[in-house]
Amino acid sequence: MFDVLDHCQVNELHVRDDAASGLKAIIAIHNTRFGPALGGCRFIHYDSEHLALEDAARLARGMSYKAALADVPQGGGKAVIMKPKESVDPSALFAEFGRFVESLQGRYITAIDSGTSAQEMDIIAQHTAYVTSTSAAGNPSPYTARGVFEGIRAAVKHKFGTPSLQGLRIVVQGVGNVGFVLGKLLDRAGADVIVSDVNARAVDLAMGAFASGVVAPEEASSTPCDVFAPCGLSKAIHDENCDQLQCAIIAGSANVQLAHHELGAFLHQRGILYAPDYVINAGGLIYASLNYHQAPTQRIQEKVQGIYATLDQIFSESERDQLPPSQIADRIAEHRLAHALDHAA
Ligand code: NAD
């Protein structure tokens, strides 16, 4: 256990094992230097407790970096609930999880993630105020899409000299909550939007609303285009498809777009501009954080639009220092974290 925590630099771990409700949950807190740790609650099946712990610790660190780059008053944390094989009463399970979150007295704020939705957050909210993404709080996806749109403009400006998307060919892989809204924004900005999705209905909806063409899921990453926007599942770029990429830019909403860290350097060497995932997809976090703090909508929108400037800085430093944007983003996050006062101290 301690090697995982050391590796992820997580030094605060909370565990709740409640036989009555069936809850087996872990909350990992990476840092609270800028404010309470904020991060989603996963409710998925894990093959072992070790894998659950690893997921919580790795994701908690990721949330710290994301919050530091997005410049929101939050630290990084994550919760995982090990989904039992047998069916359980979700009301009892998430009520107990709400009490667990409450017991941390605000050091951690929970939110939706894989396997949870506003419905579960509403149950949790009956037991703690330290929760976002409830039905009342609203859907963060349009904000994520807007942030990705701004990030694509920043990448396009860096690569082609102007942020205009007019006439550019953009492949959106995955037209769900984020990809669909993003596609509409890109279309409105004059781009030629091609879509790909494993779900035929999602493709039909996109074709009816904004898309000019479709590519099969296995061809999405190798389709010639100006921008490839992964908005489906994780690890869209991996060892098997990285040689076939025919895009100038990779910029999308998916979490963990690169199957491993070295691919950042590979893309850089090939001259493909990669917008680091946790920077470009921070719109949802910005919305969750600022909405939690009751900031006005205009302030939230401005902050999301700030993703353009953040990526512009990352791309400029990348060019100056001849380092991949992914490394520059990590460097900025680590610098900010190292120099922050410990809020919790
Ligand atoms: P979603 O489930 O609504 O949409 C994902 C879409 O991708 C679905 O239509 C699905 O059918 C499709 N898909 C899955 N595998 C695919 C494949 N191999 N090829 C093509 N399409 C595929 O999810 P979402 O909320 O739109 O999120 C998309 C991504 O962005 C996820 O990785 C998510 O973690 C990340 N993200 C989302 C938010 C948010 O606010 N929703 C915030 C930050 C990051």
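Quick one: dipole size for the range 105-186, taken about the Cα centre, charges +1 on Lys/Arg Cβ and -1 on Asp/Glu Cβ, in debye to the nearest 20.
For the range 105-186, the charge dipole is close to 540 debye.
Where Lys and Arg each count +1 and Asp and Glu each count -1, what net charge lies around Val215 among other residues with Cβ under 14 Å from its Cβ?
Net local charge, Val215 excluded: -3.
Taking only Cα atoms and a 10 Å spring cutoff, compute GNM fluctuations for the chain and point out the largest among Gly232, Gly151, Gly271.
Gly271
In the range 78-161, what percent of the accessible surface is made up of carbon and sulfur (1.4 Å probe, ligands and nucleic acids excluded)?
Values: 1670 of 3470 Å².
Carbon and sulfur together cover 48 percent of it.
Using Cα-Cα distances under 8 Å and only pairs 6 or more residues apart, what relative contact order does the chain have, in percent?
Values: 739 pairs, mean separation 55.9, N = 345.
For the chain, the relative contact order is 16 percent.
Residues with amide H under 5 Å of Gly75's amide H, sequence separation 5 or more or different chain, H placed in the peptide plane at 1.01 Å from N; which?
Result for Gly75 returns Phe34, Gly35, Ala37, Leu38.
Can you give me the Cα centroid spacing of the range 146-221 and the range 88-141 in angstrom?
A separation of 32 Å, based on Cα centres.
What number, rounded to the nearest 500 deg cm²/dmol, is the helix-based mean residue ellipticity at 222 nm of the chain, given -39500 (n - 2.57) per DSSP H run of at least four residues and division by all its residues?
-14000 deg cm²/dmol
I'd like the Karplus ³J(HN,Hα) series for the range 18-33: coefficients 6.51, -1.76, 1.60, θ = phi - 60°, whole numbers in Hz, and an x wherever there's a Gly or Pro.
10, 5, 4, 9, x, 6, 10, 10, 10, 10, 9, 10, 8, 7, 10, 5
Could you check which residue among Ala259, Ala52, Ala125 shows the biggest mean-square fluctuation in a GNM of the chain with a 10 Å Cα cutoff?
Looking only at Ala259, Ala52, Ala125, the largest GNM fluctuation is found for Ala259.
Rg to Rh ratio, the chain, alpha-carbon atoms and Kirkwood radius?
We get a ratio of 0.97 for the chain.
Fully extended, how many nm does the chain gain between Glu218 and Asp17 (0.36 nm per residue separation, minus their Cα-Cα distance)?
Difference between extended and current length: 68.2 nm.
Please express the Cα-Cα pair-distance distribution P(r) of the range 187-345 as a list of whole percents, one per 5 Å bin, running from 0 to the bin with the greatest distance.
Per 5 Å bin, starting at zero, the Cα-Cα P(r) for the range 187-345 comes out as 2, 8, 14, 18, 18, 16, 12, 7, 3, 1, 0 percent.
Please give the per residue accessible area of the chain, computed with a probe of 1.4 Å over protein heavy atoms only, in Å². Kindly include the intermediate steps, with their values, before the conclusion.
Numbers: 15070 Å² over 345 residues.
Heavy-atom accessible area per residue stands at 44 Å².
Suppose every Lys and Arg Cβ carries +1 and every Asp and Glu Cβ carries -1, with no other charges. What dipole size does the range 178-300 come out with about its Cα centre, to the nearest 20 debye?
580
Work through the residues other than Asn291 whose Cβ is under 15 Å from its Cβ and net out their charges, Lys, Arg +1 and Asp, Glu -1.
+2
Taking only pairs that are 8 or more places apart or on different chains, how many Lys pairs in the chain have Cα atoms under 17 angstrom apart?
So the count works out to 5.
Describe numerically, in nm with one decimal, the distance between label points set 7 Å from Cα along Cα→Cβ at Asp3 and at Asp71.
Label-label distance for Asp3 and Asp71, simple model: 4.0 nm.
Each label point is 7 Å from the Cα along the Cα-to-Cβ direction; what then is the distance between the points at Glu86 and His50, in nm?
2.6
Tally up the carbon and sulfur contribution to the accessible surface of the range 1-60 as a whole percent, 1.4 Å probe, everything protein left in place. Could the numbers behind the result be given before it?
Numbers: 1500 of 2860 Å².
About 52 percent, which is the carbon plus sulfur part of the accessible surface.
State to the nearest 20 debye the size of the charge dipole of the range 154-236 about its Cα centre, where the only charges are +1 on K and R beta carbons and -1 on D and E beta carbons.
Magnitude of the dipole: close to 300 debye.
The values are calculated or read from the model by the stated rules, or taken from the named source; none is laboratory data. If you're wondering where the values come from, they're calculated on a predicted model, not measured in any experiment. Using ideal geometry, Cβ is built from the backbone for each residue, glycine included, and neighbour counts are taken over all protein chains shown. The protein model used for the area step is the full one, side chains on, heavy atoms only, and it has no ligands, DNA or RNA in it. Shrake-Rupley method; radii C 1.70, N 1.55, O 1.52, S 1.80 Å.
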